[in-house]
Amino acid sequence: MRTFYRNVIQVEILSEEVYDPEKDLDEIYRDITDGECSGDVTVITSNQPLTARTCAELLIEQGSDPGFFGLEALL
């Protein structure tokens, strides 16, 4: 039986303006290392074991395909 996990990473950003929530991780990294923002990354804030079905549903919520982990038959 395969095991799947949901790992949550948290980034705190301090800035002088409202931060754009549409930025990707590369842009966030540049902003807090070389840009006008200060940031703190908590590497892992939680690890949750998932059932295969829950993992497939979360993949869809992320805009990914359950086939990424071979879970397309579960939905």
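Across region 11-21, a minimum of one residue is classified as in a strand (DSSP E or B) and within 15 Å of the chain's Cα centre (by Cα).
Within region 2-54, the set of residues being out of contact with any Phe, Trp or Tyr (no Cβ under 9 Å at 6 or more places or on another chain) and closer than 22 Å to Gly67 by Cα comprises Thr3, Tyr5, Arg6, Asn7, Val8, Arg53.
Annotation: of all residues in region 29-57 being touching a Leu at 6+ places or on another chain (Cβ under 8 Å) and free of Cβ contacts under 8 Å to residues at least 40 places away in the same chain, the one that is surrounded by the fewest Cβ atoms within 10 Å (Cβ to Cβ) is Ser38.
Values quoted throughout were computed directly from the atomic coordinates according to the rules given, and no laboratory measurement underlies them. Please read these numbers as outputs of a predicted model, since none were measured by experiment. Neighbour counts run over all protein chains shown; Cβ positions are idealised from the backbone, glycine included.
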